[in-house]
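Okay, so here's the structure we're looking at.
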Amino acid sequence: MSNFLTASIGRKFLMSITGLFLMMFILVHLCINLLLIFDDSGELFNLGANFMATNPAIKIMEPVLGLGFVVHIIWSLIISIQNMKARPVAYKVSQQTNSSSWASRNMLVLGALILVFLVMHIINFFWIIKFDPHSLSKVLIDGVEMEDTYTLVAGLFKASVVYDLMYVAGGLLLGFHLAHGFWSAFQTIGLSNKVWIKRLQFVATIYAILVAVGFSVIPLYFLIKF
Amino acid sequence: MEKTINLTLKVWRQNGPKEKGRFETFKVSNISTDSSFLEMMDILNEQLISENKEPVAFDHDCREGICGMCSLYINGRPHGPDDDVTTCQLHMRKFKDGETVTIEPWRAAAFPIIKDLIVDRSAFDKIIAAGGYVSVNTGGVPDANAIPIPKPDADDAMDAASCIGCGACVAACKNSSAMLFVSAKVSHLALLPQGRVEAARRAKAMVAKMDELGFGGCTNTGACEVECPKNISIANIARLNREYLVARLGE
C-alpha cells in the first residue's frame, strides 16, 4: 500500500471516491434547496435547514465533507501537474473536438471556477450561519425556535440580480463538471464495461442536467417572481 | 480516373534528441490521390535528395497497417484525418488540392524524439517486459482444446490483442497517458485462463513501469479510443483499473 496514493491509478482512485462522495452531497443539497421555491413563507426550507443543522449524522459528516473537498482539490492539482509534465512540448496543430468532449478536457478549469463559486457561496451563507448566527433573525415553527435561513437566502436572491446570475453560472459549471465526472468516477474504480459505459454516460447526462437546472432554477425563481 | 493534388507540407525537423527542432515548409506537386501518405513522404524525400538536401526521417515498416511502426501526427490527429487506419493506410484522397498539411512527431515525455518525425517508443517494450507475457514452463505441448474458453471472453481478448503498439493513444491523449495500450495488453491476457494466473502481478508491474517511464494518468477523455487505428475500447481501461485496484487493495 506504500505508494498506492501516488501511483497513477491510485491518485485517480482518490479523485473518484471523493468525487462520488461530493456528488451524493450535491444531491442532498439540491433536494433541501428546492424547498426554497415550493414554499414562499419559508417554513419548509427553514425546517429542512434546521433538520440538517441539528441532525447528529450530518454533524459528523460535515468535517468529512470538508475533507472530501480538500482532498478532491489538492489531488486534482497533483494529477494535473503530473499530466502536464508528461507532454513537455505541445502540438502546433491539434484537433481534439472530434475525439473528446470539451468538459472532459477542461475539468481543471471547470473545477477552478467552481472553487471560486464555492468560496463566494460559503461567504454568502455557510459562514454567516456557522460563525455569525446572531445576525440572523429567529422564527418559531411548531414551537421550535430556529434561525431564519430562508430570509438570508431568499433575501440575497431577491435583492441582487448579479448574485442571481452568479448562482445560475455556478449551477451550469457544476453541470458541465459532473457530466464528465459522474461516469468517469465509475470508470476509474473499474465499475464499467462495454455495456455499462453507455448506461453510465446516459445517467451522467441526466444527473448533470438535473443539477444544473435544479440549482439554476432557484435564483431564477426569485429573480422572476420578486 | 486518376486525380493529382498539390500540397504544402509543414514538417517538424529535429537533427537529434538534444537538438532544437523547427518546422520546415515544403511543396509537393502532382501527388496521385490513389497514393498512400507514406508514398507521398517518399516522393518528398526523393525530391529533397535530388536537391542535395537531407531527407525527412520517419518510421515505417510493413505498410499494411499491422506492424505499428508508422506514426505521424497529421493535421492535429494521430495517423491523420481518416478513422481506424494507420498512417501507411491513409490515402491522399483524404486531402484537398492546395491544402497545407502539418506533420508532427508523437509528443510525449516518454517518447523522446530521435530525429525529425521518429520517436523512441521503446518505453512500450519496457512496459511489456515488466509483465506483458505469460510464463510458460517447458514440457510437452498442451492440447489445444484442453482449456475451454467462453466465446465472449475469447472475442474480448482478441479485440484487445489487436493493439499493434503504435502509440497513437499516447499521442492523442492530452496527458500523454499510455493507459489504453497497457489496458489492452493487461486485458487480453487477463481474459484468458492461461494469463489469469499472473493477472494481479502483471497489472501491478505494468502500471508501475508505465508511471516510472513518465506517461501521464488517464482522465477518461476517451480521445485514445477514437484515434486508435485498431479500435481498442476504453472498456479495457475500466478492466485495468479493476484488475489493478483489486490487486493493490488485496495486498
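Coordinate-derived values only; no laboratory data. Here the structure is a predicted model, which is why all the values come from computation and not from measurement. Quick reminder, even Gly has a Cβ in these numbers, built from the backbone with ideal geometry, and neighbours come from all protein chains shown.
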Worksheet item: Remind me, what semi-axes does the stretch B:41-94 give for its equivalent ellipsoid, largest first in whole Å, using sqrt of 5 times each Cα gyration tensor eigenvalue?
Response: 22, 13, 10
Discussion item. Whole angstrom only: what separates the Cα centroid of the stretch A:84-153 from the Cα centroid of the stretch A:51-81?
Written reply: 13
Discussion item. Going by amide H atoms built from the backbone, whose H comes under 5 Å of the H on A:Ile141, apart from near neighbours?
Written reply: A:Met146
Worksheet item: What list of ³J(HN,Hα) values in whole Hz, one per residue of the stretch A:66-76 in order, does the Karplus curve 6.51 cos²θ - 1.76 cosθ + 1.60 (θ = phi - 60°) give from phi, with Gly and Pro shown as x?
Response: x, 4, x, 4, 4, 5, 4, 6, 5, 5, 5
Worksheet item: What average number of partner chain Cβ atoms lie no more than 10 Å from the Cβ of the residues making up A:186-192?
Response: 6
Response to the item:
Computed D for chain B, Stokes-Einstein, Kirkwood radius over alpha-carbon pairs, 10 °C, 1.306 mPa s, to the nearest µm² per second, is 81
Worksheet entry | Length added when fully stretched, B:Ser122-B:Glu46, from 0.36 nm per residue minus Cα-Cα | 24.5 nm
Worksheet item: What is the local net charge at B:Cys173, summed over the other residues whose Cβ is closer than 11 Å to its Cβ (Lys, Arg +1; Asp, Glu -1)?
Response: +2
Worksheet item: Summing +1 for each Lys or Arg and -1 for each Asp or Glu, what net charge is found among the other residues whose Cβ lies under 13 Å from the Cβ of A:Thr18?
Response: +2
Discussion item. Going by amide H atoms built from the backbone, whose H comes under 5 Å of the H on B:Gly216, apart from near neighbours?
Written reply: B:Ser177, B:Ala178
Worksheet item: Nearest 10 degrees, 0 to 90: what angle lies between the long axis of helix B:122-131 and the longest principal axis of chain B (Cα atoms)?
Response: 10
Worksheet item: Roughly how many Å is it from the Cα centre of the stretch B:22-67 to that of the stretch B:164-193, as a whole number?
Response: 29
Item to complete: Could you tally the net charge around A:Thr149, taking each other residue with its Cβ under 14 Å from the Cβ of A:Thr149, Lys/Arg +1 and Asp/Glu -1?
Response: -4
Worksheet item: Within the stretch B:4-104, what percent of beta bridges assigned by DSSP are antiparallel, to the nearest 5?
Response: 80
Discussion item. Per-residue Cβ counts within 10 Å, from other chains only, averaged over B:163-176: what number is that?
Written reply: 3
Worksheet item: Is there a simple number for the mean count of other chain Cβ atoms within 10 Å of the Cβ of residues in B:218-231, and what is it?
Response: 6
Worksheet item: If you project the alpha carbons of the stretch B:1-143 onto the principal axes, what extent comes out on each, in Å, largest first?
Response: 60, 43, 27
Worksheet item: Hey, can you rank A:191-203, B:203-215 by average C-beta count inside 10 Å, highest first?
Response: B:203-215, A:191-203
Practice prompt. Work out from phi, with θ = phi - 60° and the Karplus expression 6.51 cos²θ - 1.76 cosθ + 1.60, the ³J(HN,Hα) of each residue of the stretch B:76-84, listed in order in whole Hz, and give x for Gly and Pro.
Written response: x, 9, x, 6, x, x, 7, 9, 6
Fill in: aspartates and glutamates with Cα under 16 Å of B:Lys20, excluding same-chain neighbours fewer than 8 positions away
B:Glu104, B:Asp116
Discussion item. For a quick check: with amide H placed at 1.01 Å from N, whose amide H comes under 5 Å from B:Leu9's, ignoring anything fewer than 5 positions away on the same chain?
Written reply: B:Phe26, B:Lys27, B:Val28, B:Val101
